[in-house]
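These notes are about the structure you will find just below.
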Amino acid sequence: MLEKDIERKLVKETKACQGMCLKFISPSLTGIPDRIILLPEGKIGFVEVKGPGKRPRPIQIKRIKELRELGFKVFVLDNKSDIKKILDEIGGDAQ
């Protein structure tokens, strides 16, 4: 299983929750999570997608910490089986 397979599944499952899974590329800041999840009722979360068993780089860990300190939900996803749990935590089950 590749990182892109996990990412495709995340996009599909987010759409099934009536949400959007936006690819995020920051031109001025490195290490920002790959995806922004937008769900009904203003729910938002960030997801860094990794291949199975892969860990975030130090700059990614720093950005994840900064986002969490601002009060955002931020996840590292390296397994398709964790997608539902992540979406539920962001608020995908509150429909």
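A few points about this structure:
- Only one entry of 12, 4 meets the criterion of being within 12 Å of residue 83 (Cβ to Cβ) and either part of a helix (DSSP H, G or I) or among the small types (Gly, Ala, Ser) (or both), and that entry is 12.
- Test: residue in segment 57-74 that is among the small types (Gly, Ala, Ser), surrounded by fewer than 16 Cβ atoms within 10 Å (Cβ to Cβ) and at pLDDT below 95: no
- Exactly one residue out of 10, 2, 22 is under 18 Å from residue 76 (Cβ atoms), in contact with a Lys or Arg (Cβ under 8 Å, 6 or more places away or on another chain), surrounded by fewer than 14 Cβ atoms within 10 Å (Cβ to Cβ) and touching a residue at least 12 places away in the same chain (Cβ under 8 Å), and it is 22.
- Counted as qualifying within segment 25-95 are the strands (runs of 3 or more DSSP E) with 1 or more residues that are more than 21 Å from residue 5 (Cα to Cα) and under 10 Å from the mean Cα position of the chain (by Cα), namely 43-49, 73-77.
- Residues in segment 25-55 that are of a type in the set (A, V, I, L, M, F, W, C), in contact (Cβ under 8 Å) with a residue 24 or more places away in the chain and within 14 Å of residue 77 (Cβ to Cβ): 37, 46, 47, 49.
- Residue list for segment 11-58, restricted to those being aliphatic (A, V, I, L, M) and over 24 Å from residue 69 (Cβ atoms): 11, 16, 20
The values are calculated or read from the model by the stated rules, or taken from the named source; none is laboratory data. These figures come from a predicted structure and were not determined experimentally. Cβ sites come from the backbone with ideal geometry, for glycine too, and all protein chains shown count toward neighbours.
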